[in-house]
Amino acid sequence: MKKIVFLTGTRADFGKLKSLMLISQNSSEFEVCIFVTGMHMNSLYGSTVDEVIKAGFKNIYKYINHNLGESMDRTLAKTVEGFSQYIEHVKPDMIVVHGDRVEALAGAIVGSLNNILVAHIEGGEVSGTIDELIRHSVSKMSHIHLVANNEARNRLIQLGEFEKSIFILGSPDLDLMNEQNLPDIHKCKSYYDIPFDHYAIAMFHPITTEYKNIRAYAKNFVDALIKSDINYILIYPNNDLGSKEVLQEFERLKLLDRIKIFPSLRFEYFLRFLKESNFIIGNSSAGIREAPYYNVPTVDIGSRQNNRAKLDTIFHSSYEVTDIIKAIDNVMKINLKNNSTNNDEFHFGKGRSDELFLELLKSKELWKISHQKQFQEHIDNE
């Protein structure tokens, strides 16, 4: 029986990995272990390790790797140390990581340096921030690449990865985004005590490369929410450097009845709230990836998602309050919502990434991929 370790450090990557974890755990051919760290372990952000436990997973190991305001390099170092000790004990055949967080980089470093196959979910994406640097670094330390689409595949080939190690899986969160997998909106509103009939989702994360300006950016964001006079479900930022400053600005919103603030939301509940919202505002990738799937428009603020998908449903804004208000006004004038999804244009899979993942795990060829990384030259003959 092959042993697989999944590493999750945020509510976002858990949403991406959840369906893959479930289908692997339910297979008699694999033993699944889960290393839970990062934001999951912080009560300030909702102690989302509880959501991992409630989902019915076994063999969960919890590790605290981060203090509020701590730099990313220190968090990386702590995660490498803790995960290395865990791997020495568990001795897995494969490590699965997702995305562009330092926890994923730590997992890839530990796996590659200990001669363990590393599978990276959603490599080959671009953003334009330090996240992109981390994502590509994870890819170079990984042996198996499970990408969302052909564009991501081509970028990995440009990075020198072997084509036979790249598999198009789609975006795994689509497995959970289908209507039949979501809770009823009335159940969601009751659970979180949401009194609004109409509302928008708001999320604003720090940008580590723009740390010196983050307090001013967060202030403008909060000012725009106040001036817009709209109901909002506001969710805490991630725990990157600058999170403290963002949260300090959020304090100004706590006395407003039309704004409900949460450290975190259960992923399927979040998806239902997003699907039923008027729009999403901020700089979260949810506005670039998940929102267009539901035909929900996005007000994308600043530089964090600069190089991500450019769609008609996405309205970009600078950090200036007047620009943000203008973008909100433009979004409120359109009506993109309907009962269908927009996945034809979105091209991030068809919601069966878990099945494709299990098929790959069961294939003998996957386990024959070399642990010794090499750079694949691609010579243009033209």
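Things to note:
- Helix-derived mean residue ellipticity, 222 nm - over the chain, DSSP H n ≥ 4, -39500 (n - 2.57), to 500: -11000 deg cm²/dmol
- A straight line joining the Cα centroids of the stretch 92-117 and the stretch 253-289 runs 30 Å.
- Exposure proxy order (Cβ contacts within 10 Å, fewest to most) of His136, His316: His316, His136
- Protection proxy ranking of 59-65, 267-273, 77-83, by the mean of other Cβ atoms within 10 Å over each peptide's residues and highest first, is 267-273, 77-83, 59-65.
- Fraction of beta bridges assigned by DSSP in the chain that are antiparallel (%, nearest 5): 0
- Helix 353-362 axis, angle to the chain major axis (alpha carbon atoms, nearest 10°): 10
- Taking a ≥ b ≥ c as the square roots of the eigenvalues of the alpha carbon gyration tensor, the chain is prolate, as a/c is not under 1.5 and a/b beats b/c.
- Calculated FRET efficiency for the pair Ser370/Ile226, C-beta based, R₀ 45 Å, to 0.05: 0.20
- Extended-chain gain in nm, criterion 0.36 nm per residue less alpha-carbon gap, Met1 and Glu81: 26.1 nm
- Nearest 10 degrees, 0 to 90: helix 321-332 Cα axis against the chain principal axis: 90
- For the chain, the longest principal axis of the Cα atoms and the long axis of helix 11-25 meet at an angle of about 40 degrees.
- Ser71-Asn150 pseudo-label distance in nm [points 7 Å out on the Cα-to-Cβ vector]: 4.4
- Links that overshoot a 29 Å alpha carbon limit, given the list Lys140/Lys219; Lys78/Lys362; Lys140/Lys275; Lys18/Lys189; Lys18/Lys212; Lys16/Lys326: Lys140/Lys219; Lys78/Lys362; Lys140/Lys275; Lys18/Lys212; Lys16/Lys326
- Extending 7 Å from Cα along the Cβ direction at Lys164 and again at Ser363 yields two label points whose distance is 1.2 nm.
- Neighbourhood charge, 12 Å Cβ-Cβ cut-off, centred on Thr322 and excluding it, Lys, Arg +1 and Asp, Glu -1: -2
- Put a dot 7 Å past the Cα of Leu256, heading toward its Cβ, do the same for Lys91, and the two dots end up 5.7 nm apart.
- Burial order of peptide ranges 354-363, 10-19 (average beta-carbon count within 10 Å, highest first): 10-19, 354-363
Just so you know, all these numbers are worked out from the coordinates, no wet-lab data involved. All figures in this text were calculated on a predicted structure; none of them were measured in a lab. So basically every Cβ, Gly included, is an ideal-geometry build from the backbone, and we count neighbours across all protein chains shown.
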